[in-house]
Amino acid sequence: MSALAFELPHAQEATAPPEARGLERDAVRLMVAERASGRIEHALFRDLPRFLRPGDVLVVNTSATLPAALPAGEGLTVHVATQAPRMPGDRWWIVELRGGHPAPGERVAVGGGAHFEFAAPYAGGTRLWLARFEGDTDLPGHLARHGHPIRYSYVGEPWPLADYQTAFALTPGSAEMPSAARPFTPALIARLVAHGVLFAPLLLHTGVSSPERHEPPYPERYAVPETTASLVNHARERGGRVIAVGTTAVRALESAAGPGGTVTAADGWTGLVVTPERGLYAVDGLITGWHEPQASHLQLLEAAAGDELLRRSYAEALAAGYLWHEFGDSHLVLP
């Protein structure tokens, strides 16, 4: 999949929420790609019940988005990615300093008398750092008072945190929105339930997205409850399809699945990278957005769709003017 390279036209970057463009959340476009037949169909996200069957399971991530960006003065912003795995206490975090290059021992003020002290680069790179937070409160409390949602250059103006939450958001912890679920609305969820589609919740706190091509995902906190494991196993036994909503849901569920597809309750930190060679154990399909060229997520997409169908899907999305990024359009991959 590394050979899938393309230039994304600026016109196909979603620069604002669809609501700001006069659309409801579930009125974004949806491309449906079926691996068995090779069929590609264009629809709207609100047409989703037409493509799912009674007994299918949608696996959804209940992580809520944090206001994870902290102004740090002089053109600097600290993006808080995740709490540091296997570190004592709650002061150690993995962060990214946007607009600068920290040095070990450097302190960066982030408002309210608080600061981060940068300790060392993280995960063998230079973008993410292990840093200790020092302030009058814990970091989530500091973010609530001083932070704002992470926003990249293609989004022209700030939007409130509510625009970065999904209908399933319950537990704060994600640095960036698990955006594949953003187009779901209460009305659409009710229609899917009435259609016989089941919902299975799990949790994965997603970190900051990677601007570096081929950079693998780093460990993220996840939890798959026993009820979800049982529901997925029961559905698979009865011929239902397991459709993950987002690559975060795939990563969490596959971290709890064995090679035969059986899912067990699990929680902790997952460093799983799903590749075509590894394949998918429990997930049959997924709903996702459109990913950057040569992003590591494309390996996961290839595991679900196969190389040929994935290439055709991206070619059609580019030709048909689909929109990229967290406020963009959607892609449903079916087995």
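The values are calculated or read from the model by the stated rules, or taken from the named source; none is laboratory data. On a predicted model such as this, the values are computed, not experimentally measured, just so you know. Heads up, the Cβs are rebuilt from the backbone with ideal geometry, glycines too, and the neighbour counts pull from every protein chain shown.
Data for the structure
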read-out	value
Test: residue in the stretch 125-138 that is outside the structural domain of residue 242 (by TED's automatic domain parsing), modelled with pLDDT under 95, within 22 Å of residue 177 (Cβ to Cβ) and within 21 Å of the chain's Cα centre (by Cα)	yes
Unique residue being at positive phi and at pLDDT 95 or above when the list is 73, 105	105
Residues within the stretch 8-26 that are surrounded by 16 or more Cβ atoms within 10 Å (Cβ to Cβ) and part of a helix (DSSP H, G or I), tallied	4
The lone exception for residue 182 - which of (1) in the same structural domain as residue 208 (by TED's automatic domain parsing); (2) under 19 Å from residue 77 (Cβ atoms) it fails	(2)
Residues of the stretch 70-89 that turn out to be under 16 Å from residue 144 (Cα atoms) and either part of a loop (DSSP other than H, G, I, E, B) or of a type outside the set (S, T, N, Q) (or both), as a count	7
Test: residue in the stretch 115-135 that is touching a helix residue (DSSP H, G or I) at 6+ places or on another chain (Cβ under 6 Å) and farther than 28 Å from residue 288 by Cα	yes
Number of the exception - residue 251 against (1) among the basic types (Lys, Arg); (2) in contact (Cβ under 8 Å) with a residue 60 or more places away in the chain; (3) closer than 27 Å to residue 29 by Cα	(2)
Index of the failed condition, residue 31 passing every other in (1) buried (at least 17 other Cβ atoms within 10 Å of the Cβ); (2) within 20 Å of the chain's Cα centre (by Cα); (3) in a loop (DSSP other than H, G, I, E, B)	(3)
Residues satisfying the stated conditions in the stretch 1-51, i.e. farther than 30 Å from residue 161 by Cβ and hydrophobic (A, V, I, L, M, F, W, C)	1, 3, 4, 5, 6, 32, 33, 36, 40, 51
Verdict on residue 140 being farther than 30 Å from residue 188 by Cβ and out of contact with any His (no Cβ under 9 Å at 6 or more places or on another chain)	yes
Index of the failed condition, residue 285 passing every other in (1) surrounded by fewer than 15 Cβ atoms within 10 Å (Cβ to Cβ); (2) small (Gly, Ala, Ser); (3) touching a residue at least 24 places away in the same chain (Cβ under 8 Å)	(1)
Criterion violated by residue 277 - all others in (1) of a type in the set (Asp, Glu); (2) buried (at least 23 other Cβ atoms within 10 Å of the Cβ); (3) without any contact (Cβ under 8 Å) to a residue 12 or more places away in the chain satisfied	(2)
